[in-house]
Amino acid sequence: MNYSLKQLRVFVTVAHARSFSRAGDIIGLSQSAVSHSVKELEQQTGVRLLDRTTREVILTEAGQQLAARLERLLDELNSTLREAGRVGQQLTGTVRVAASQTISAHLIPQCIAQSNQRYPEIDFMLHDRPQQWVLESIRHGEVDFGIVIDPGPVSDLQCEEILSEPFFLLCRDDHAWADEPCVSWSELEDARLVVQDYASGSRPLIDAALFRLGIHAQIVQEIGHPATLFPMVEAGIGVSVMPALALPLPQGSQLKVKRLVPEIQRKIMLVRRKNRSLSGAAQAVWDVVREQARCLNRARAEDPLFTQI
């Protein structure tokens, strides 16, 4: 039978109102539209549901049975739909977010604090992992969403840029570049570089920048955790190219941060599975991360390190 939910609701309304015109007033249809809808339902069921007189409509026995059952079914359907709406909008439960280590250390703590304050019933669970693990965990549905360095063209993921930031040079405070206002990428020719390994999303960007500018540097150490850059450089092993999110410098360190020119930036992205809806709680946390990134952007706009080239 090819009947519609609208037809069933019209019929139940007529059964209660005992009048096509009154039923039409209740549901916002013309009398003729109500009558036509009931006639179609009768044709599809193959039975007469209403006896029509000049003054009123009267339910047949089949109509009485159908109206009683439909009323219960429609009430249950309405309750089910309302419950589904409440579940979709619930701001409770656990939201799992994956992010690479630099992002986890310097952006996510503020996001967790803000989320805890705004949504105390949501548990913000961070998975602090290398970028490739983050991307795979999103694809496999192990986390609700992730925050990564621009992964490039990906057809199965939905990406939203929330932050764009430059790379800086990190050197000792007694290095020849320490007193320069900025350092050209070309000066890295034959320099000894300490950089993160390929588990970091930044490493391919650094390699691409060196290749594009025709610079041949010596990679003397490849390390896993971004915090290891600081003691390596401070020990005189080499200089480093690092993202802005690795700041601030350790307190009391003998290090300097310099602008690199031309400016080369990396993009930070919110990433989730394509064509998959977030829960209400996950969407709320997604929005918190986006908002905190905007706050960081505003703070950087007042920092001379970011505004002076």
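The values are calculated or read from the model by the stated rules, or taken from the named source; none is laboratory data. Being a predicted model, the structure only gives us computed values, none of them experimental. No Cβ is skipped: glycine too gets one built from the backbone with ideal geometry, and neighbour counts run over all protein chains shown.
On the given criteria, is LEU50 surrounded by fewer than 19 Cβ atoms within 10 Å (Cβ to Cβ) and either touching a Phe, Trp or Tyr at 6+ places or on another chain (Cβ under 7 Å) or assigned by TED's automatic domain parsing to the domain that holds ASP75 (or both)?
So LEU50 does not fit the description; no.
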Pairs where the first residue, in region 7-28, is within 16 Å of GLY63 (Cα to Cα) and free of Cβ contacts under 8 Å to residues at least 60 places away in the same chain and the second is assigned to a helix (DSSP H, G or I) and among the aromatic types (Phe, Trp, Tyr), C-beta under 7 Å, 6+ apart:
VAL14/PHE20
All strands (runs of 3 or more DSSP E) inside region 39-106 with 2 or more residues being at pLDDT 85 or above and within 27 Å of CYS159 (Cβ to Cβ):
93-99
I need a count of the residues in region 199-253 that are more than 14 Å from PHE168 (Cα to Cα), over 27 Å from the mean Cα position of the chain (by Cα), buried (at least 17 other Cβ atoms within 10 Å of the Cβ) and not hydrophobic (A, V, I, L, M, F, W, C).
3
Need pairs with beta-carbon distance below 7 Å; first residue more than 17 Å from VAL183 (Cα to Cα) and within region 209-229, second among the hydroxyl-bearing types (Ser, Thr, Tyr); sequence gap 6+ or separate chains.
PRO226/THR102; LEU229/SER240
Let me confirm something: among LEU81, LEU50, which residue is of a type in the set (A, V, I, L, M) and touching a helix residue (DSSP H, G or I) at 6+ places or on another chain (Cβ under 6 Å)?
LEU50
Those residues of region 95-125 which are among the hydrophobic types (A, V, I, L, M, F, W, C) and within 14 Å of the chain's Cα centre (by Cα) amount to VAL95, VAL97, ALA98, ALA99, ILE108, CYS111, PHE124
